[in-house]
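Read-outs: derived from the displayed coordinates by stated rules, not from any lab. Here the structure is a predicted model, which means the values were calculated and not measured. Here Cβ is always computed from backbone atoms with ideal geometry, including for glycine, and neighbour counts include all displayed protein chains.
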Amino acid sequence: LGLQGAITSINTILNDPEGPTKGLNYILPVLMTASGGQIGAAVGIFIKTKNKKIKKIIRSALPVSLLGIGEPLVYTVTLPLIRPFFTACIGAGAGAALFNLSTIKPSILGFFGFLTVSKGTHFFFITAMLGACLGGFILTYFFGINEKRINEVYGN
């Protein structure tokens, strides 16, 4: 939701090699997988809905979301529809809960966070991101889509 900027000072403390976590930041990987859940939810909506307006919005917002900027998907797709927002969050939690991931420096979110994860955890990070995307997709596809709500919000 853009709130990651509010915890910049916390991230700075966590990424300090002399700090309490010896430079390992355990918060950023959770934020990274959160963007994966939103991506999965958007893809689920895109595949299942017949509404052309929301498909156009998703096509526009998805590329930047892959780069770690999830706000366009959150504020224009999942949050206005309510249920997909929650299915995306739960799906992201499925990906994030699998591994004990950390970053070693301040990071961008999304798949490019791969560049900042701790040494030896790159495979686990990619697996967690794909798990978050898949979790968001499956939960949204089967439980998060209400075509009536989509047409109310975006028109026919």
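Cross-link partners of K105 among lysines, defined as those whose alpha carbon lies under 19 angstrom from its own and excluding same-chain residues fewer than eight positions apart: K22, K119. If you take the alpha carbon atoms of region 35-156 and fit the smallest convex hull around them, that volume is 80 Å³ per residue.
Relative contact order of the chain: what whole-number percent is it, with Cα pairs under 8 angstrom and at least 6 residues apart? Relative contact order for the chain comes out at 34 percent. Take every pair of alpha-carbon atoms less than 8 Å apart whose residues are at least six positions apart; their mean separation over the length of region 69-133 yields a relative contact order of 36 percent. Please return the longest stretch of the chain lacking exposed loop sites, where trypsin sites (Lys or Arg not before Pro) count only if DSSP places them in a loop and at most 15 other Cβ atoms lie within 10 Å. With trypsin sites (Lys or Arg not before Pro) excluded where exposed in loops, the chain gives 51-118 as its longest stretch. How long are the three semi-axes of the equivalent ellipsoid of region 90-137, in whole Å, if each is the root of 5 times an eigenvalue of the C-alpha gyration tensor, listed from largest down? They are 18, 11, 8 Å, listed largest first. Taking the average, over residues, of other Cβ atoms within 10 Å as the packing measure, peptides 135-141, 12-18, 76-82 rank 135-141, 76-82, 12-18 from highest down.
Across region 64-69, computed HN-Hα scalar couplings (Karplus, 6.51 cos²θ - 1.76 cosθ + 1.60, θ = phi - 60°) run 6, 5, 5, 8, x, 9 Hz from first to last residue, x flagging Gly and Pro.
Could you state the angle between the C-alpha long axis of helix 28-48 and the longest principal axis of the C-alpha atoms of the chain, as a value from 0 to 90 degrees rounded to the nearest 10? That helix lies at roughly 20 degrees to the long axis.
When only Cα pairs below 8 angstrom with a gap of at least 6 residues are kept, region 102-148 shows a relative contact order of 27 percent.
Computed from the C-alpha gyration tensor, the three semi-axes of the ellipsoid equivalent to region 1-88 are 32, 10, 10 Å, from longest to shortest.
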